[in-house]
Amino acid sequence: MSFFSFGQSAEIDIVLNDAETKKKVEHKTEDGKKDKYFLFYDGETVSGKVNVTLKNPGKRLEHQGIKIEFIGQIELYYDRGNHHEFVSLVKDLARPGELTQSQTFDFEFTHVEKPYESYTGQNVKLRYFLRATISRRLNDISKEMDIVVHTLSTYPELNSSIKMEVGIEDCLHIEFEYNKSKYHLKDVIVGKIYFLLVRIKIKHMEIDIIKRETTGTGPNVYHENDTIAKYEIMDGAPVRGESIPIRLFLAGYEMTPTMRDINKKFSVRYYLNLVLIDEEERRYFKQQEITLWRKGDIVRKSMSHQAAIASQRFEGSSNNEKAVTQNKEGGN
């Protein structure tokens with residue numbers, strides 16, 4: 001027990017209102033492990049209770065106020081301790097006074113803006129959390145609870161295919177084509193590779209998905225490249241006129257949506273990297289950026305709900321028409 005607590009201290013517990021039914025998702029922590037956290041979306045209300053339990057019943061706990069905060073922040077690992085907050089909301093739960101018994105406080109942050117996706121990377125972390133604090137003269141008592149936010153997107157209006165050529169003069173000429181440039185996280189990359197000219201002996205060919213994390217600005221820019229997936233296209237020598245189909249399923253890989261210039265602090269981009277290796281171990285490659293986005297169950301549910309209402313209306317109108325027709329026939 002701390003000397004400064006003057007014989008009384010307390011434990012804080014944060015409980016969400018819909019904790020029993022709310023979906024949890026796995027999210028990578030800073031040490032590379034995975035934990036499960038409650039999942040929220042942009043605009044969703046965050047509400048619950050703060051339970052303050054006195055450790056020594058019968059003794060009072062003096063405080064300078066009790067509050068809860070909802071915080072969204074970015075931390076760059078090379079600039080630790082300097083947190084950049086992009087969301088900061090506060091609710092006062094109790095005015096300065098004293099607690100003589102354990103107490104529960106309700107809180108609600110209505111339709112909270114959560115503009116970015118939760119992210120833990122090589123050099124940066126974007127997190128959302130609730131923090132309850134009992135303010136005291138000498139030592140505050142506080143408790144944090146992390147949540148995870150997913151950003152949902154709708155189908156892109158423009159989604160053109162990717163066509164590119166790889167060539168070495170008089171030695172190699174390859175065309176490759178991918179069906180689109182924007183993919184949701186459970187999508188399938190479909191493509192084809194055409195060998196128009198092959199005068200060098202290629203022994204191996206693969207497509208890599210590369211994640212590039214960029215942090216910082218100006219002279220303090222750091223790039224981290226991480227190969228997420230390797231997909232072997234062929235093992236052996238192709239001949240002129242040959243075409244090879246590609247089907248790469250993204251669902252099995254751990255990826256986030258593309259994140260561009262998040263709060264002017266970091267970006268996460270994805271690239272398809274076509275790699276050719278010849279018999280002398282020389283590597284030829286061509287890179288193309290793709291955009292990844294998260295397709296949400298919520299969108300699907302709301303669409304199916306709307307479809308159900310539409311079908312009910314349609315059935316209702318068709319039943320009315322049948323009734324009118326029958327009445328007319330009966331009248332005749």
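The values are calculated or read from the model by the stated rules, or taken from the named source; none is laboratory data. The structure presented is a predicted model; accordingly, all values stated were derived computationally and were not measured. Here Cβ is always computed from backbone atoms with ideal geometry, including for glycine, and neighbour counts include all displayed protein chains. When the accessible area is computed, the model is the full protein with side chains, heavy atoms only, and any ligands, DNA or RNA have been set aside. Shrake-Rupley method; radii C 1.70, N 1.55, O 1.52, S 1.80 Å.
Any residue at all in the stretch 255-274 that is touching a Phe, Trp or Tyr at 6+ places or on another chain (Cβ under 6 Å) and surrounded by fewer than 16 Cβ atoms within 10 Å (Cβ to Cβ)?
yes
Among the residues that make up the stretch 211-233, is at least one of them touching a residue at least 24 places away in the same chain (Cβ under 8 Å), outside any strand (DSSP E or B), of a type outside the set (S, T, N, Q) and under 24 Å from Glu280 (Cα atoms)?
no
Would you please list the contacts, defined by Cβ atoms under 7 Å and residues six or more apart or on different chains, that run from a residue in the stretch 9-33 that is under 15 Å from Arg127 (Cα atoms) to a residue that is modelled with pLDDT of 90 or more and aliphatic (A, V, I, L, M)?
Val25/Leu39; Val25/Val148; His27/Val148
Yes/no matrix, rows are residues, columns are (1) under 27 Å from Arg137 (Cα atoms); (2) in contact with a Lys or Arg (Cβ under 6 Å, 6 or more places away or on another chain); (3) among the β-branched types (Val, Ile, Thr):
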position	(1), (2), (3)
Ala19	no, no, no
Lys28	no, yes, no
Lys33	no, no, no
Phe40	no, no, no
Val46	no, no, yes
Glu85	yes, no, no
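For the stretch 275-300, what are the residues that are within 30 Å of Tyr78 (Cα to Cα) and open to solvent by 40 Å² or more (accessible area, probe 1.4 Å)?
Kept after step one, since they are within 30 Å of Tyr78 (Cα to Cα), are these residues of the stretch 275-300: 287-294.
Selection gives Gln287, Gln288, Glu289, Arg294.
Are there any strands (runs of 3 or more DSSP E) wholly within the stretch 1-111 with 2 or more residues that are open to solvent by 50 Å² or more (accessible area, probe 1.4 Å), and if so which?
Details: elements: 10-16, 24-28, 34-40, 46-54, 61-63, 66-76, 84-94, 97-99, 103-109.
Because the criterion is at least 2 residues that are open to solvent by 50 Å² or more (accessible area, probe 1.4 Å), the strands (runs of 3 or more DSSP E) in the stretch 1-111 that meet it are 10-16, 24-28, 34-40, 46-54, 84-94, 103-109.
I'd like the residue in the stretch 182-227 that is closer than 23 Å to Asp278 by Cα and of a type in the set (Val, Ile, Thr) and, out of all such residues, is most open to solvent (accessible area, probe 1.4 Å). Please lay out each step first, then the result.
In the first step, residues of the stretch 182-227 are kept if they are closer than 23 Å to Asp278 by Cα; the result is 191-210, 227.
In the following step, the residues that additionally are of a type in the set (Val, Ile, Thr) were identified as 193, 198, 200, 202, 207, 209-210, 227.
Values: Ile193: 0, Val198: 37, Ile200: 30, Ile202: 4, Ile207: 3, Ile209: 1, Ile210: 18, Thr227: 70 Å².
Ranking the qualifying residues of the stretch 182-227, first place goes to Thr227.
Enumerate the pairs (first residue in the stretch 80-100 and among the hydroxyl-bearing types (Ser, Thr, Tyr); second residue anywhere and open to solvent by less than 70 Å² (accessible area, probe 1.4 Å) and at pLDDT 95 or above) with beta-carbon separation below 8 Å, excluding pairs fewer than 6 apart on the same chain, so at least 6 apart or on different chains.
Close Cβ pairs (under 8 Å, with a partner that is open to solvent by less than 70 Å² (accessible area, probe 1.4 Å) and at pLDDT 95 or above) amount to Ser88/Glu69; Ser88/Phe70; Ser88/Ile71; Ser88/Gly72.
Asn139 is checked against (1) of a type in the set (S, T, N, Q); (2) open to solvent by 50 Å² or more (accessible area, probe 1.4 Å); (3) farther than 23 Å from Ile246 by Cα and fails just one. What number does that condition carry?
(2)
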